[in-house]
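Below is one structure; the comments refer to it alone.
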Amino acid sequence: MASDFDPLDLSNGIPYAGLARLRDEAPVYKVPSGYWFLSRYDDVLAAAEAIDTFKSSFRSPGVVVPDEEMLVSEVPEPRHGWMRKIINSAVAVHRIGVVRPFVRDFAERLLDDLLKGGRGELINDYCVPIPNAVIAHLLGVPGKDFPLWARWADDVVQGDYATENRNERGVGFAGAFPEFSAYVDGKIAERRAQTDSSDDLINRLMTGKVQGKELTDVELRTQVIFLLVAGNETTRNLIGNILSRLATDPELYRELRERRELAANMVEETLRVQPSAVYLLRDCIKDTQIRGVDIRKGDKVVFGLGSANRDERVFENPDEFRLDRPDPKAHLAFGAGRHVCPGAALARLEATVALEVMLDKVAELRAEPGYQRERIPVFWSDGPVSVPVELVAA
Ligand code: HEM
């Protein structure tokens, strides 16, 4: 394996051919920047579960975040486990059923508008609004505010805040994003003042206890914002990846219209082949060995989710997109172990409903002539910048 291969260089797209060679020849690989890169499924899975050895971290070295502003993913154990209980209960599967009719109705209205013109751009007009509206709905935020959330969430993901805890406007969340902070703080204050509290997501976050104590207002703001940010672009990219594939593969679109029962497999196979989160970053916090290679405390480690999902030791013909995989959910697109995505069921529901509504209402979905999928410019992520289409009503 040429030692100058850089799996983190995505300037020409995600280097899947190079990743396949890494899995065979150097599964624990030191990338030119000094990070370790894990490319095999088994290694990624085991390392994701080894929370005493690898700590979730995407901040630049030396960046200190006040305890109350730590995202749930960076809160140390055992507090992380307690906070996850609150977050899991807030985003719990049994409660998500109530979201289905909301997503369906919202997606139908978006598509009705698109069908009037017979064409549209599906990222802006379909994929962005759905996850935003859903999380805002769960948080009890008025519909007219959805576009604000979308813009703010994108600012957070696309800027330096996640790595530096600051951006050009300031330090810490309130400094870097004063409007977003003020808005969420206002919602929390409103909810605290309400006497008749409904049993919704924000209420669960407000009343859940860690060692007998509720979260402070700053902790609440941090986790509300993180839930929005974590579930926003990722879900948009999933829906975008599904639709960009279907818009360029009329055969597949026809097959799905005839066999609706395959919609869930379409979602899973998209998550496997084009996961929204391609890489996860960790700090090694205890000397360890993987496949005989020493990894030292303080080293940075990248989990190659995109590579693990195409590991030929686990998936037959892994580069092929197939709706008949025996275990469609075996991929690692939602991570694994204690940090496994708490929003997985919600994201699956949103993507499946968005797809079903498309299949119901649109007989033909065609990308504009000459369309070439372009990947968004976010280092760890994979989704299309745009999906311009022509649509024919069913
Ligand atoms: C297709 C959509 C999604 C994908 C691909 C995705 C992927 C992931 C992955 C890979 C992780 C693990 C990160 C790690 O181990 O460092 C994660 C964590 C997380 N996700 Fe998601 N996610 C999606 C949707 C959502 C949604 C809808 C929400 C919220 C409503 C959400 C909230 C979170 C949170 C809070 C964490 C941190 C959990 C922890 O560290 O304990 N995600 N997600």
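What follows is calculated from the coordinates using simple rules that are stated; it is not laboratory data. Nothing here was measured: the structure is a model prediction, and the numbers come from that model. Because the Cβ atoms are built from the backbone with ideal geometry, glycine has one as well, and the counts that use them run over all protein chains shown.
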Selected residue (criterion: nearest to ALA330 (Cα to Cα)) from residues of segment 293-309 that are in contact (Cβ under 8 Å) with a residue 24 or more places away in the chain and more than 13 Å from the ligand (Cβ to nearest atom): SER307
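Kindly indicate whether any position in segment 64-72 is in contact (Cβ under 8 Å) with a residue 24 or more places away in the chain and either on the phi > 0 side of the Ramachandran plot or more than 24 Å from the chain's Cα centre (by Cα) (or both). Break it down stepwise before answering.
Of the residues in segment 64-72, the ones in contact (Cβ under 8 Å) with a residue 24 or more places away in the chain are 64-66, 68-72.
When the remaining residues are screened for being either on the phi > 0 side of the Ramachandran plot or more than 24 Å from the chain's Cα centre (by Cα) (or both), the result is 64, 66.
Among the residues of segment 64-72, at least one is in contact (Cβ under 8 Å) with a residue 24 or more places away in the chain and either on the phi > 0 side of the Ramachandran plot or more than 24 Å from the chain's Cα centre (by Cα) (or both), which makes the answer yes.
Looking only at residues in segment 55-65 that are closer than 16 Å to VAL301 by Cα and surrounded by 12 or more Cβ atoms within 10 Å (Cβ to Cβ), which one is nearest to the ligand (Cβ to nearest atom)?
We begin by selecting, within segment 55-65, every residue closer than 16 Å to VAL301 by Cα; these are 55-61.
This time we only want the ones that are surrounded by 12 or more Cβ atoms within 10 Å (Cβ to Cβ), so: 55-59.
Working: LYS55: 10, SER56: 4, SER57: 9, PHE58: 8, ARG59: 12 Å.
Across segment 55-65, the extreme among qualifying residues is SER56.
If you take the residues in segment 311-326 that are under 19 Å from ALA264 (Cβ atoms) and touching a helix residue (DSSP H, G or I) at 6+ places or on another chain (Cβ under 9 Å), which one is surrounded by the most Cβ atoms within 10 Å (Cβ to Cβ)? Spell out the reasoning first.
Start the filter on segment 311-326 by keeping residues that are under 19 Å from ALA264 (Cβ atoms), which leaves 315, 320-326.
Keeping just the survivors that are touching a helix residue (DSSP H, G or I) at 6+ places or on another chain (Cβ under 9 Å) gives 315, 320-325.
Values: PHE315: 21, GLU320: 11, PHE321: 15, ARG322: 14, LEU323: 17, ASP324: 8, ARG325: 17.
This residue is PHE315.
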Neighbours by Cβ (under 6 Å, 6+ apart or cross-chain): first from segment 226-240, under 16 Å from GLY306 (Cβ atoms); second among the hydroxyl-bearing types (Ser, Thr, Tyr): THR234/SER276; ASN237/SER276; LEU238/SER276
Candidates GLU108, GLU77, GLU68, filtered to the one that is outside any helix (DSSP H, G or I) and surrounded by fewer than 18 Cβ atoms within 10 Å (Cβ to Cβ): GLU77
Any hit, segment 110-120, residues being under 23 Å from THR216 (Cα atoms) and away from the ligand (no atom under 15 Å from the Cβ): no
Those residues of segment 310-346 which are more than 8 Å from the ligand (Cβ to nearest atom) and at positive phi, in sequence order: ASN317
